[in-house]
1. Are there helices (runs of 4 or more DSSP H) fully within region 1-111 with at least 3 residues that are surrounded by 11 or more Cβ atoms within 10 Å (Cβ to Cβ) and at pLDDT below 75? List them.
2. When residues of region 189-224 are filtered for being free of Cβ contacts under 8 Å to residues at least 40 places away in the same chain and under 16 Å from residue 108 (Cβ atoms), how many remain?
3. Run down 260, 253 and say which single residue is in a helix (DSSP H, G or I) and either farther than 28 Å from residue 106 by Cα or modelled with pLDDT of 90 or more (or both).
4. Within region 219-235, which residues are within 11 Å of residue 125 (Cβ to Cβ) and touching a helix residue (DSSP H, G or I) at 6+ places or on another chain (Cβ under 9 Å)?
5. Go through region 103-137 residue by residue and tally those that are over 25 Å from the mean Cα position of the chain (by Cα) and touching a residue at least 12 places away in the same chain (Cβ under 8 Å).
6. Can you pull out the residues in region 174-183 that are in contact (Cβ under 8 Å) with a residue 12 or more places away in the chain and either exposed (fewer than 15 other Cβ atoms within 10 Å of the Cβ) or at positive phi (or both)?
7. Do we have residue 238 as free of Cβ contacts under 8 Å to residues at least 60 places away in the same chain and either crowded, with 18+ Cβ neighbours inside 10 Å or part of a helix (DSSP H, G or I) (or both) here?
8. Mind listing just one residue for me: the one in region 188-216 that is more than 19 Å from the chain's Cα centre (by Cα) and crowded, with 18+ Cβ neighbours inside 10 Å and, of those, nearest to residue 122 (Cα to Cα)?
């Protein structure tokens, strides 16, 4: 009897100990996730590759700001004439992001070109570098969920993107206040804020694409080249392919009515919007150029009764809502594929 009672007590205490340890493990999970995020964020900051790209982006944005400042007087004169004829505002601070004197591209051009490279540089070796060093199996042998690793790498890279591009945006605004001598209006500030958020979403797509290739390919060089190949395809060749398709679709000899022309042009625009670069370009144009009131062809009947002048911020956001939704959807799809592939992979010790 005593032996049976002793066994029951031992089993009871063992069950209690296991439940306490499990409860401690649950409570320590958030802290473990944040520890991985801090570690990855620190590694990104200390990486020479990221530092070099960050300095290049900073110098490029400063150069674009300089060209905008040198040509801001001409832009003010032109905007003043438009304001007199249309009764609109000048939107000087928005022109700091869009105006260029021709020697260097504008701020949004640099972001559209260098932003994807920065996202790819953050993500192309996120997983395969850990696997090649042999640290992936040792890290996953710890009492932490496997998805913490890929989630923490994405969160750390996203935090770095937010820090960098919001700092650049505030830097441009600060120089604009010092040089122009006037603060931005509340609507200009909101447009710049949404523009920076759009930049983060756009770069997050290329970040997740790099993470996806880092999960699929074991070689870091292969994942980097694959990511850059996709970027070059959408940045250079995709528009060429669509232009070739549009020549056959918009052949004047085959078009018989205005409605058919509009339908064919709508088809060409739909094909172009499969490119994340084109979605980003359309969205930034509407956000930073309020005088642009449409993203597609309009008939004379559609323009009758339209009030000349810039769009309010709410209407601009409604106009780019499909583009923003498409970018977010593409980002989530890339991350979901990378997440599922990583969770199903077999991790072996070297």
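1. Values: elements: 2-46, 48-70, 72-86, 92-98.
Of the helices (runs of 4 or more DSSP H) lying wholly inside region 1-111, those with at least 3 residues that are surrounded by 11 or more Cβ atoms within 10 Å (Cβ to Cβ) and at pLDDT below 75 span 2-46, 48-70, 72-86.
2. Residues in region 189-224 being free of Cβ contacts under 8 Å to residues at least 40 places away in the same chain and under 16 Å from residue 108 (Cβ atoms): 3 in total.
3. Values: 253 fails: in a helix (DSSP H, G or I).
Result: 260 is the single residue among 260, 253 that is in a helix (DSSP H, G or I) and either farther than 28 Å from residue 106 by Cα or modelled with pLDDT of 90 or more (or both).
4. Of region 219-235, the ones within 11 Å of residue 125 (Cβ to Cβ) are 219-224, 227.
Hits for region 219-235 are 219, 220, 222, 223, 224, 227.
5. Looking only at region 103-137, we keep the residues that are over 25 Å from the mean Cα position of the chain (by Cα), and these are 103, 131-137.
The next check asks that each one be touching a residue at least 12 places away in the same chain (Cβ under 8 Å); those that pass are 103, 131-132, 134, 136-137.
Residues flagged as over 25 Å from the mean Cα position of the chain (by Cα) and touching a residue at least 12 places away in the same chain (Cβ under 8 Å) within region 103-137 amount to 6.
6. Within region 174-183, the first condition is being in contact (Cβ under 8 Å) with a residue 12 or more places away in the chain, and the residues that meet it are 175-176, 179-180, 182.
Those that are in contact (Cβ under 8 Å) with a residue 12 or more places away in the chain and either exposed (fewer than 15 other Cβ atoms within 10 Å of the Cβ) or at positive phi (or both): 179, 182.
7. Values: free of Cβ contacts under 8 Å to residues at least 60 places away in the same chain: yes; either crowded, with 18+ Cβ neighbours inside 10 Å or part of a helix (DSSP H, G or I) (or both): yes.
Here the answer is yes, as residue 238 does meet what is asked.
8. So the first thing to find is which residues in region 188-216 are more than 19 Å from the chain's Cα centre (by Cα), and the list is 188-189, 215-216.
After this cut, where a residue has to be crowded, with 18+ Cβ neighbours inside 10 Å as well, the list is 188, 215.
Working: 188: 31, 215: 14 Å.
Ranking the qualifying residues of region 188-216, first place goes to 215.
The values are calculated or read from the model by the stated rules, or taken from the named source; none is laboratory data. The structure displayed is predicted, hence computed values, not measured ones. Using ideal geometry, Cβ is built from the backbone for each residue, glycine included, and neighbour counts are taken over all protein chains shown.
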